[in-house]
Amino acid sequence: MSRTAAREKFRWNHIKPMLEERGIKLLSAGIDENPFVYKDIHQVMKSQEDLVNIVAQFDPRIVRMAGDGERPED
């Protein structure tokens, strides 16, 4: 999903409760960086199984990204 489409589709008052239910603490992020704009990682990895060997899984519990209008760090 594009950043513009994400900003049009999502609102934090809907996203934050879903993150909290999953035990994720959001420190800062633009609405275009919420987890629901990304492809399903299991489908992505399955489509690439001839190119990669999965050795571990990372499940973040804290997310810190640039806030709305804030320039991201590079």
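Net charge near PRO60, counting Lys/Arg +1 and Asp/Glu -1 over other residues with Cβ under 13 Å of its Cβ?
Details: positive: ARG22, LYS25, ARG61, ARG64; negative: GLU33, ASP59.
In short, +2.
Taking a probe of 1.4 Å, how large is the accessible area per residue of the chain, in Å²? Walk me through the numbers before you get to the answer.
Numbers: 6340 Å² over 74 residues.
About 86 Å² of surface per residue is accessible.
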What number, rounded to the nearest 500 deg cm²/dmol, is the helix-based mean residue ellipticity at 222 nm of the chain, given -39500 (n - 2.57) per DSSP H run of at least four residues and division by all its residues?
-8500 deg cm²/dmol
In degrees, nearest 10, the alpha-carbon axis of helix 12-21 is tilted away from the dominant principal axis of the alpha carbons of the chain by 50 degrees
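What order do you get for 22-32, 46-56 when each peptide is scored by the mean count of other beta carbon atoms within 10 Å, highest first?
Working: 22-32: 14.3, 46-56: 7.5.
So the order, starting with the most tightly packed, is 22-32, 46-56.
Looking at the chain, which longest stretch skips every one of the chymotrypsin sites (Phe, Trp or Tyr not before Pro) that is in a DSSP loop with at most 15 other Cβ atoms within 10 Å, leaving the sites themselves out? Write down the numbers at each step before the final one.
Values: sites that count: TYR38, PHE58.
That would be 1-37.
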Over the residues of the chain, compute the C-alpha Rg and express it relative to 2.2 N^0.38 Å.
1.26
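The values are calculated or read from the model by the stated rules, or taken from the named source; none is laboratory data. Predicted, not measured: the structure shown is a model, and the values here were computed from it. As a convention, Cβ positions derive from the backbone with ideal geometry for all residues, glycine included, and neighbour counts pool all protein chains shown. Only protein heavy atoms, including side chains, enter the accessible area calculation; ligands, DNA and RNA are left aside. Shrake-Rupley method; radii C 1.70, N 1.55, O 1.52, S 1.80 Å.
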